[in-house]
Amino acid sequence: MDWETDERPADGGQPAEITAVELDERSAPRFTLLIRAAKLIVGSAERLCVIRDVSAVGISIRLFHPLPAGEGIVLELQTGDHHALTQVWQRDGEAGFQFDEAIDVERLIRNLSDFPKRELRFSAEIPVALWVGGHQKRALLRNISQRGALIECEELLAIDQRLRVEGAGLPDIEARVRWRDDRHHGLVLDTTFQLMELADIIGRLGSAQSGAVHAGGRMRSASAS
């Protein structure tokens, strides 16, 4: 079974489609995109971004947080397509990249896909507390999106079980269980995050994960001494 949360039709919170307007007639014509959410992957870090304009050879992107240093930058689209990038510039919350290989611009503009579109999921490994019927259970947050999350819990939760999720870097999240596969449970959130809200959560989750890794390293070092 796919361990991702389910996909539901987009609501009025974010535009489902974009408008493309040709800007010029250079050797690689550029197009402006109005709010096309995507994911930038730099090493193990994942960041929410918005595509601003694109050509067959390059792309400019709005950033919510500065990109971490690293190589092997990959752009992931909601269609599931992945494109390797090389950063050219970054300033004032925006960045420009070259595609490592020429892309099909029309496919990107029209949001075409060989598979059903899905929400962008952002990986996590954060301990969380689940409040279920007044009782607290321990779990791990494995990923999060605008409308869903994936948790790992040793105790089996009932399908359609309502619960609240609390954890470092997270707002209190009200949700219900959509599916389960062994210890993994897909959640549907009661409230859809707006892009800025999700970007803020992802940034805080990255800091929480970094802190947990560093703390774990210090604990292991102390134990070994």
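Please treat every number below as a calculation from the coordinates, not as lab data. Since the structure is predicted, the reported quantities are computational estimates derived from the model, not experimental observations. Neighbour counts are summed over all protein chains in view; Cβ atoms, including those assigned to glycine, are modelled from backbone coordinates with ideal geometry.
Tabulated data
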item	result
Nitroxide proxy distance, nm - points 7 Å out along Cα→Cβ at Gln87 and Asp160	4.8
Angstrom value of the Kirkwood radius, inverse mean 1/r, which spans all Cα pairs in the range 20-109	13.1
Peptide ranges 179-191, 63-75, 119-131 listed from the most packed, as the mean C-beta count within 10 angstrom indicates	119-131, 179-191, 63-75
Rel. contact order, % - alpha carbon contacts under 8 angstrom, at least six apart, the range 20-109	24
Distance between modelled label sites at Arg183 and Ala102, nm, 7 Å Cα→Cβ extension	4.9
Extension gain, Thr191 back to Glu71 (0.36 nm per residue minus Cα-Cα distance, nm)	39.7 nm
Value of relative contact order over the range 79-192, rounded to a whole percent, pairs C-alpha under 8 Å and six or more apart	18
